[in-house]
Structure formats: C-alpha cells, structure tokens
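Here the structure is laid out as structure tokens; the discussion comes afterwards.
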C-alpha cells in the first residue's frame, strides 16, 4: 500500500470501499458499470461516499469516491455525479434507513437468478445459507428503474433491523450493514449461498433443508462470530497490496 495519501476525510472508509469494489469485480459479482456501493459519513446517514458515475469497479481508487447528499438533488450536477438511479436507490436507502451505514447494490449472477424465481426465498440448506435464515427481505413489486420514487419504496421495505439483505425481485440485491467489512462479507456469503442453492436445484434431487431450530441457532451463532468480517477484508487488502494494486491511492 502507498505510504502517502491525499488530504481527504474518511480515508480509511475510502480505502475499505475501494478494496471492496476491486474484489467484487474480481469475483464477477458486478455488472459492467451499473452497480453502486455507498457509505454514510454524517449522523443521519444522508451524506455518503459513492463510486463515481459509471466507473468500472476494477479501476476505482479511494480518492475517486465522491460525496453525495441524499437531501440535495443538486448533487447530480457535480463532477462525476452518480446517475439518477444510483442517487434514487442509495439516496432513498440512506434517508429512510439510518441503520444502513453501508449499502451495496449488485446484480451478481446467482443472487439475480434467485431474484428471477417466482419463489425467491433462500432455504437453509447449508451453513452459509443458514446465515440468512429469516433475515432476508423479498421485494415482489419491482417498479422499473430505481429513480427516486422506486428507491424510496425499496428502502422502506427494510423495516426490520434484523434483516440486512434484500432480494430485489426481477432486479438484483441490496445488502446493508454498519461497516464496509461487515457489508462486503454479507454480500460475499449471500452470493455464495445463492450459488449453492441454484446448483443444488440443478441436480433435480431433493434438498436437505435444516429444521427451524437448527437454522435459527446457526444464524445467531454466525451473527456473533468474532472478527470474521474484518479479517476477511484485511486479507483481501493484503492480497491487493502484495500485487501492487493502486486501490488505496
């Protein structure tokens, strides 16, 4: 990692977000230049860091991230301002969900397959998928591109603080959390869980679904598993640093 840094506020959060962007692209969980991550930087969450308009995740650096104000439409006129759907979806999320300090929206392959099924529930068929047992919001009323009205509608579905994943029917997923590490870790494991489920369905054989008591017990145990999210992101940054990546510039 470079030992120098620009004179910018929230530098560590910028570096963490940049690493998450880079790794999301490496895992092919992004979609061209259409997806967005954000991180709240003020008390009520209405000001947040976000990727510049239509920059590929694999090129984003910490210093590239822009500051967006969910309460100021003039934000959209600034340099590299996010497109109207990014502002609509993430602005709505940060206005209506102050507990969503970080929000990651992608059209990742397997989660989007799940979002395309008539039944978008993720059954607890393994340890990873049990993480999300009774902790997913399913949006079954897709209303088109996520301009301001649609973004607000989606954000208001996060009315249960226990649920930090939204399967956006006919669209993709939204993952929320308190830190970048926590949110990215959740994004990673949800996509991995969806992959396991979709591949299991492809066999055409019966699923081994965990009973309620064990699924809930497992979910609670994983919620309190110490430091796994922070260590996950730290290791990814260490790999990027060893490769000479410029993400932290």
- Note on the structure: Of (1) surrounded by fewer than 17 Cβ atoms within 10 Å (Cβ to Cβ); (2) closer than 19 Å to residue 179 by Cα; (3) modelled with pLDDT of 95 or more, residue 127 satisfies every one except (2)
- Task: Would you check which residues across the range 93-115 are under 25 Å from residue 196 (Cβ atoms) and either in contact with a strand residue (DSSP E or B) (Cβ under 9 Å, 6 or more places away or on another chain) or part of a strand (DSSP E or B) (or both) and list them?
- Result: 102, 103, 104, 105, 106, 107, 108, 111, 112, 114, 115
- Query: How about the range 235-249: which of its residues are part of a helix (DSSP H, G or I) and either touching a residue at least 24 places away in the same chain (Cβ under 8 Å) or surrounded by 15 or more Cβ atoms within 10 Å (Cβ to Cβ) (or both)?
  - Reply: 236, 237, 240, 241
- Message: Tell me yes or no: at least one residue of the range 140-162 is free of Cβ contacts under 8 Å to residues at least 60 places away in the same chain, within 17 Å of the chain's Cα centre (by Cα), surrounded by 12 or more Cβ atoms within 10 Å (Cβ to Cβ) and closer than 20 Å to residue 70 by Cβ.
- Response: yes
- Taking the range 92-120, which residues are surrounded by fewer than 22 Cβ atoms within 10 Å (Cβ to Cβ), closer than 13 Å to residue 177 by Cβ and modelled with pLDDT of 95 or more? 101
- Pairs, please: C-beta under 6 Å, at least 6 apart or cross-chain, first residue more than 18 Å from residue 119 (Cβ to Cβ) and in the range 198-219, second part of a helix (DSSP H, G or I)? 218/130; 219/130
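Listed here are the residues, each with its yes/no results for (1) modelled with pLDDT of 90 or more; (2) in a loop (DSSP other than H, G, I, E, B); (3) crowded, with 18+ Cβ neighbours inside 10 Å; (4) at positive phi.
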residue	(1), (2), (3), (4)
2	no, yes, no, no
5	no, yes, no, no
25	yes, no, no, no
42	yes, yes, no, no
63	yes, no, no, no
75	no, no, yes, no
80	no, yes, no, yes
87	no, no, yes, no
- Query: Given 70, 20, which one is in contact with a strand residue (DSSP E or B) (Cβ under 9 Å, 6 or more places away or on another chain), crowded, with 22+ Cβ neighbours inside 10 Å and modelled with pLDDT under 95?
  - Reply: 70
- Please determine, by comparing only the residues of the range 190-199 that are touching a helix residue (DSSP H, G or I) at 6+ places or on another chain (Cβ under 7 Å) and surrounded by fewer than 20 Cβ atoms within 10 Å (Cβ to Cβ), which one is farthest from residue 231 (Cα to Cα). 198
- Reported set for the range 45-61 where residues are touching a helix residue (DSSP H, G or I) at 6+ places or on another chain (Cβ under 8 Å) and in a loop (DSSP other than H, G, I, E, B) is 45, 46, 51, 52, 53, 55, 56, 60, 61
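To keep it simple, each residue is scored yes or no on (1) farther than 12 Å from residue 128 by Cβ; (2) in a loop (DSSP other than H, G, I, E, B); (3) touching a helix residue (DSSP H, G or I) at 6+ places or on another chain (Cβ under 7 Å).
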{"position": "163", "(1), (2), (3)": "yes, yes, no"}
{"position": "167", "(1), (2), (3)": "yes, no, yes"}
{"position": "170", "(1), (2), (3)": "yes, yes, yes"}
{"position": "173", "(1), (2), (3)": "yes, no, yes"}
{"position": "181", "(1), (2), (3)": "yes, no, yes"}
{"position": "184", "(1), (2), (3)": "yes, no, yes"}
{"position": "188", "(1), (2), (3)": "no, no, no"}
{"position": "201", "(1), (2), (3)": "yes, no, no"}
- Conditions (1) at pLDDT below 95; (2) at positive phi -> residue 134 fails only (1)
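The values are calculated or read from the model by the stated rules, or taken from the named source; none is laboratory data. Owing to the predicted nature of the structure, the values given are computational and were not obtained by experimental measurement. Note that we place each Cβ from the backbone using ideal geometry, even for glycine, and neighbour counts take in every protein chain shown.
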